[in-house]
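Right, one structure below, let's go through it.
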Amino acid sequence: MSSPRHRLFLSLVIGQCALAVLPAAFAQRYILKDNTALAASEVTLGSGALVQQVAIPGGGSFERRYPLADVARLEFPEPEALDEAEKLVAAGSGADALKLIEPIYRQFAPFSKVVGSHWPRAAQLRLQALLLGTDNSAITSSARELMQSGLGPDVTGTAKLALAQLDARAGKEALANVMLEQIVREATPAVQARAWLLRGDLAAARTAHVEALECYLRIPAFFGTIDELMPAALLGAARAYQGYGDSSRAERSALDLIDNYPATLQAAQAKKEFNL
Amino acid sequence: MKKICNTNLTEALTRQCRALPVSVSPTMTLPRRSVSGPLYFRPKLALALLALLGTVPAFAQVTIPIANQLAEVELNLKAKKPADAANLLDEIIKRAQAGEALPSGLTLERLLLTAANTNFQSQLYPRAAELGALIEKLDSVGPAALAEARMIRGLSLALQQKYAEAIPIFKAAEESITFRDKALLYGAMSANQAGQLPVAIETYNRLLATSARDRDWADAALALVDLHVRAGNVADARRGLGLLRGNLALVDNLAGLNILSLQLGDALMKAGDNAGALAAFRTITTRDDLISEQKKRNAGLERALARLQAITRPSATDSDAIRRLNSRLEQAKASLEQIEKLPGYDATLRYRLAYTFQERGGAWEAALLYEDLLANHPESAERENAFFGLVRCYADTGRFEKVRESVDRFTRAFPGSKFGPQALYLAAMAAGSRNDLEGQLTFLGLATDNYAAGELTEPMRLMRANALFSLNRYAEAKETVVAYAKDFPQGKFIEEARYLAAMADLAEGRSGEAEKQIIVYLKDFPEGRFVPDARYRLAATAYSREDYKTCAELCVKWLADYPSEQPQRGEIHSLHADALAGLGNISEAIVAYHEALNLPLSDEQLGYVLDELNRHYQARREFDAAVAMWEQFAAEKPDHPFVINAAYWISRIRSKEGKFDEALELVSQITRRYVNDPSRGDVERLLVEMAATLARPPRVKKGEPKPEPIPEETLFARVNQLILVGDTRNNPTARARALFVQSEIASLRKNDALRDQLLGKIASNYAPDQLPPGILGKVGDAMLALGQPEVAKKFYEQIITAHPKSVFADFGYVGLGDIALLDGNGDEALNRYNAAIDVAGARFKLKEATLGRARAFALLGKLDSARELFEQVAGNRSWRGEATAEALYNLGEIAIRRGTPDDLAKAQAHYQRVYLSYKRFPAWVAKAYIRSAETFIKLGQKQEASNTLERMLTFRDQLQSYPEWKAALDLKATAGLPAAAFPPEPAAPVTAAPTPAKS
């Protein structure tokens, strides 16, 4: 039998939990520059403004407009669909990912630069999903949109990388390399790492195995905390080792991949390619 | 500040470790103003005391009523004078202990608790601890008060640094559900401070097992990892760090986490767990990124703290949160400060990463890291070690050009480094292990040139002698060991040196001199390492001077003296057999060869013995015995590469006997074992033999008309029957091989169109990775000849990527060189042709590679190099044919570019040689004629020009289809040439009849 004091403590904890859960589940609010909070359920998105229907006592209503420029912050929970889409992109299912991303991308587009907006992540994921397909004009316009967004070096780097990837696909390797050179000098580590991966792919396509190895192996050597790029780097390195004639290192790289990232596409590919 | 890293891996590592910051959980931070939420002097209690005041009766004037004193206590507390309140509470306690009644509703237990708490707030820890102990002794104490009292006592003791005494108190306080987590936390911290690491670890473990995953959890986990590192529990520390890395969002002290990772990495490295160390180091971020991220987190902590501090009347929970936030912020700032004070942090991290990568075989990654360290941290203390590591990495990966270049940089940066000779010695060893003996000699030479003699001088000199010997530079090898023996008469390697000198003489053909040295060696080193070999060599020298009898006797003695497991035994039997054969005793020789076959032999010796037996059997026309030998070999060693030789010889012998069907059946049986496997490139040798047997015209029987050749369809069906049986029937590689045999038959029957059609079928029906290297090369060449370079390219690339060691690798390099030339890329073409020779050994395509190099040089405008190579091609008698015609024509072209009358005359001679001696190659003949005529015009010899053109135009059938035909007609019409006089043909240069060289 717990004492009244314990009961009080427990009820307090439960209350706190309830409070902690509530904002994540329901609080979708626009916070204006004057700290006014507008519940998302009470406003609609009009032309250049959030529109609130205000009921007049005794009947009727009028519209109150809040210019979008006055929105200082968004308090919207992170959409789970984006996490799901990220997994789909990693699994190579670009079209399925796009289905999840597009509504979020459109919903937050008017607030692309507002603090708390989920547009930057949605737009970057969208670009990655598009890159899995062949719609080059959509990729180009998505990349340009991100470059012009002014959302910082990470976003700009991602966009530049996509453009380099398009150049590479079009066989304009020299052009791609100019862009990649710039990225590895200036971009954030995450983007730099992806640029090295692409450089590795380009070198591998030329069967320049030493160059490919030096690009792929930069990921484990310099970007060891970016786990998501490791499977591609290890598979690329395994192939490049094989091309270079070092089959024992090739096998070890493939085994590293299979042991440490067993659920990835690259691990499955490595098993097949290296008979492991 | 604790210093944890004490690894002594290398001087530099240690030095850097000493400079590193180290503990994340600095000195214990205990609450100094209040204990914790429920222990804080609560407004609720004050209200209760005030309420009591109204109910207490008034006392006599001389004695202040306890109720009044309690009111004063409350006033003092409100006025933030806890020390005054504590004094008053002590007085009240004394009065209560003296028997005076307390106001109704106030128990002694509550009074003592309030006093203990107030003393604790006033930092009067001895008194607070004393009061806590008093409460614990009360008979009537309730569980809640008991728990509070224990916490006050435990903390008071800890704050007096009586950590060991505090530990059991906190342990007892764990009984309370309310205080369990805090009791565990403070208990662990006290145990840590008391140096009782196992107790601290065990307590933290119990705390983390049940507490929620929040920022407090992350703090405790960090502290636990720190303890594990210090206690040497690297596996537990590694697991803990992994857990924290998975919950990074909860970790406010990222700098501390990085420092711990560094310490853990060092500990793992010290324990020899390089994989674990690498895993720890790889999670560490660079200094700038870390500082930037930590500053962000510190700012977040400060914002959270400011929000809490702005609360006017903070609750006990708020106060506790403030205290914990403050403590966390202090720790994070301290860790950040440590990182900021370390300019060498990144270099240290790079070095550790590189070292651990290298130690676990990641020489490529390590080289990248060392290069980065050397390029970006020029002042780093790790530079010398980094250079040493870099040289080793490049050597380990076989990039010897990079080794040379890095040794050069190393020597310039650290001319007297003690690591220099070591690095070169290791590089030399690596080069030797890759059979790059020239490279090995280079590194040994660099060591001698750049560094004074040291402990490695002896092994390096012997290594040099061995390398020279292996390169067949016997005289230099001998010179080296003789000098070694002179400088180190008692040296560690004197026996090896003496024996090597004898072997050098033997290899140079001075067998008499060698024999003498071997005899002296055997006398001086009767138990020496090389005695069995020396005795074998003595027998071999006897054989070489055709003293077969002595040789046989020495062999017999050798075989009697050494046990059956002596590894050279097979070789001795083989030599014995040779001696017996030399003595004409073939039957015994055959027995001796069979003895050898039953013992371990190197592949080279095995091949020799098999071939000798095969030769003797055939000479004695014992075909069945020869076939039986090969069949037995193939049955006993089904996976040995010589099985293909077995099949080849069986087929040849049976064909020689006219037993074509039997030959085909035997060869197809062995072929089918490997026909599905594209990596077995030697199968093609059998396939070619099979094609030759099938394409053979039927024998003419005496008195009967010459039989009609067997139709190709029939032969092709037979090919399928022979190859595509059972599991090979639907195998793409086997099917492609069957098509290849058919194409070879077409080729042998001079049906080039059918051959190309069949090779084209292989190209379109099978992916390159399904084809063996020999077929890839043939298909690539066919596609290139048919004007499909893009298709050909896929096949050539497959050869050099999937079968770089294949004997057919030069097909790939030469093919890709030809395609690069077609694309006008002279540099790439040159690289490919060079690789065909240097990497692949140009076993089949030396002529094409040499001609290709010449063409590439010509394309690049390097005419002297081109001329030299064209002359090489033109002068090689075994290559005589179209390559010669092309080379001569190009020599003419190069001469013409110089333009002097002398050069024009030379050019003319080259052109004439083409159209007179190489008429079988009309494309070159047509070109040569027209250029010859033009050259005559340049030389002002119009009559000769006219005659040349007229002579060319007599070869209408051969030359009319070439563009030069029309050019000749145009030149004749427009150059104003006189009528042709048709003098006799100029004398042809003395050359052998042109025969197209087989590629």
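Points to keep in mind about this one:
- Scanning the range B:805-848 for residues that are assigned to a helix (DSSP H, G or I) and polar (S, T, N, Q) yields a total of 2.
- Some residue of the range B:930-938 being assigned to a helix (DSSP H, G or I), within 56 Å of the chain's Cα centre (by Cα) and surrounded by 15 or more Cβ atoms within 10 Å (Cβ to Cβ): yes
- Among the conditions (1) in a helix (DSSP H, G or I); (2) within 14 Å of B:Val683 (Cα to Cα), B:Pro638 misses just one, which is (1).
- Among residues of the range A:205-221 being of a type in the set (A, V, I, L, M, F, W, C), surrounded by fewer than 21 Cβ atoms within 10 Å (Cβ to Cβ) and in a helix (DSSP H, G or I), the one that is nearest to the other protein chains (Cβ to nearest Cβ) is A:Val210.
- Put simply, of B:Ser574, B:Ser564 the only residue that is more than 39 Å from the chain's Cα centre (by Cα) and modelled with pLDDT of 95 or more is B:Ser574.
- Yes/no for B:Ser651 being out of contact with any Gly (no Cβ under 8 Å at 6 or more places or on another chain), over 15 Å from B:Val741 (Cβ atoms) and part of a helix (DSSP H, G or I): no
- Taken over the range B:191-222, residues that are acidic (Asp, Glu) and at pLDDT 90 or above amount to 1.
- Considering only residues in the range B:249-301 that are within 14 Å of chain A (Cβ to nearest Cβ) and outside any helix (DSSP H, G or I), the one that is surrounded by the fewest Cβ atoms within 10 Å (Cβ to Cβ) turns out to be B:Thr286.
- B:Ala386 meets the stated requirement of being surrounded by 20 or more Cβ atoms within 10 Å (Cβ to Cβ) and either modelled with pLDDT of 90 or more or β-branched (Val, Ile, Thr) (or both).
- Identification of helices (runs of 4 or more DSSP H) wholly contained in the range B:120-189 with 3 or more residues that are closer than 19 Å to B:Leu108 by Cβ and out of contact with any Leu (no Cβ under 8 Å at 6 or more places or on another chain) yields B:125-137, B:143-159.
- Count - residues of the range A:49-96 that are among the β-branched types (Val, Ile, Thr), in the same structural domain as A:Thr36 (by TED's automatic domain parsing) and in contact with a helix residue (DSSP H, G or I) (Cβ under 8 Å, 6 or more places away or on another chain): 1
So that you can scan it fast, the table gives a plain yes or no per residue for (1) among the acidic types (Asp, Glu); (2) over 29 Å from B:Asn298 (Cβ atoms); (3) without any contact (Cβ under 8 Å) to a residue 12 or more places away in the chain; (4) surrounded by 19 or more Cβ atoms within 10 Å (Cβ to Cβ):
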site: B:Ala164; (1), (2), (3), (4): no, yes, no, no
site: B:Ile177; (1), (2), (3), (4): no, yes, yes, no
site: B:Ala183; (1), (2), (3), (4): no, yes, no, yes
site: B:Tyr186; (1), (2), (3), (4): no, no, no, yes
site: B:Arg206; (1), (2), (3), (4): no, yes, no, no
site: B:Leu227; (1), (2), (3), (4): no, no, no, yes
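Conditions tested, residue by residue: (1) under 16 Å from B:Tyr474 (Cβ atoms); (2) part of a helix (DSSP H, G or I); (3) at pLDDT 95 or above; (4) among the acidic types (Asp, Glu).
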| site | (1), (2), (3), (4) |
| --- | --- |
| B:Leu506 | yes, yes, no, no |
| B:Glu513 | yes, yes, no, yes |
| B:Gly528 | no, no, no, no |
| B:Thr541 | yes, yes, no, no |
| B:Ala552 | no, yes, yes, no |
| B:Cys555 | no, yes, yes, no |
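- The one condition in (1) away from chain A (no Cβ under 14 Å); (2) surrounded by 16 or more Cβ atoms within 10 Å (Cβ to Cβ) that B:Thr210 fails to fulfil: (2)
- Residue list for the range B:426-442, filter: more than 14 Å from chain A (Cβ to nearest Cβ), closer than 19 Å to B:Tyr355 by Cβ and either out of contact with any Lys or Arg (no Cβ under 9 Å at 6 or more places or on another chain) or crowded, with 20+ Cβ neighbours inside 10 Å (or both): B:Ala427
- Residue match in the range B:849-865 (condition: more than 32 Å from the chain's Cα centre (by Cα), within 14 Å of chain A (Cβ to nearest Cβ) and either on the phi < 0 side of the Ramachandran plot or in a helix (DSSP H, G or I) (or both)): no
- Candidate set: the range B:328-368, residues that are surrounded by fewer than 22 Cβ atoms within 10 Å (Cβ to Cβ) and under 30 Å from A:Leu255 (Cα atoms); chosen: the one farthest from the other protein chains (Cβ to nearest Cβ): B:Glu359
- Residue ID - nearest to the other protein chains (Cβ to nearest Cβ), chosen from residues in the range A:227-267 that are among the aliphatic types (A, V, I, L, M) and free of Cβ contacts under 8 Å to residues at least 24 places away in the same chain: A:Leu255
- Residues located in the range A:101-115, provided they are assigned to a loop (DSSP other than H, G, I, E, B) and crowded, with 17+ Cβ neighbours inside 10 Å: A:Ser112, A:Val114
- Number of positions in the range B:489-512 that are within 25 Å of B:Ala579 (Cβ to Cβ) and buried (at least 16 other Cβ atoms within 10 Å of the Cβ): 9
- Qualifying residue in the range B:110-125 (condition: surrounded by fewer than 16 Cβ atoms within 10 Å (Cβ to Cβ), assigned by TED's automatic domain parsing to the domain that holds B:Ala147 and of a type in the set (Gly, Ala, Ser)): no
- So B:Leu599, is it surrounded by fewer than 21 Cβ atoms within 10 Å (Cβ to Cβ) and at pLDDT below 95: yes
One line per residue, one yes/no per condition, for (1) closer than 25 Å to A:Glu211 by Cα; (2) within 14 Å of chain A (Cβ to nearest Cβ); (3) surrounded by fewer than 24 Cβ atoms within 10 Å (Cβ to Cβ):
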site	(1), (2), (3)
B:Leu390	yes, yes, no
B:Gly398	yes, yes, yes
B:Ser406	yes, no, no
B:Phe414	no, no, yes
B:Ser417	no, no, yes
B:Ala423	yes, no, no
B:Gly445	no, no, yes
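- Residue within the range A:214-226 that is within 17 Å of the chain's Cα centre (by Cα) and on the phi > 0 side of the Ramachandran plot present: no
- Residues in the range B:458-486 that are under 24 Å from B:Asp408 (Cα atoms), crowded, with 19+ Cβ neighbours inside 10 Å and of a type outside the set (A, V, I, L, M, F, W, C): B:Arg461, B:Arg464.
- Yes/no for A:Ala187 being without any contact (Cβ under 8 Å) to a residue 60 or more places away in the chain, within 14 Å of chain B (Cβ to nearest Cβ) and surrounded by fewer than 23 Cβ atoms within 10 Å (Cβ to Cβ): yes
The values are calculated or read from the model by the stated rules, or taken from the named source; none is laboratory data. If you're wondering where the values come from, they're calculated on a predicted model, not measured in any experiment. As a convention, Cβ positions derive from the backbone with ideal geometry for all residues, glycine included, and neighbour counts pool all protein chains shown.
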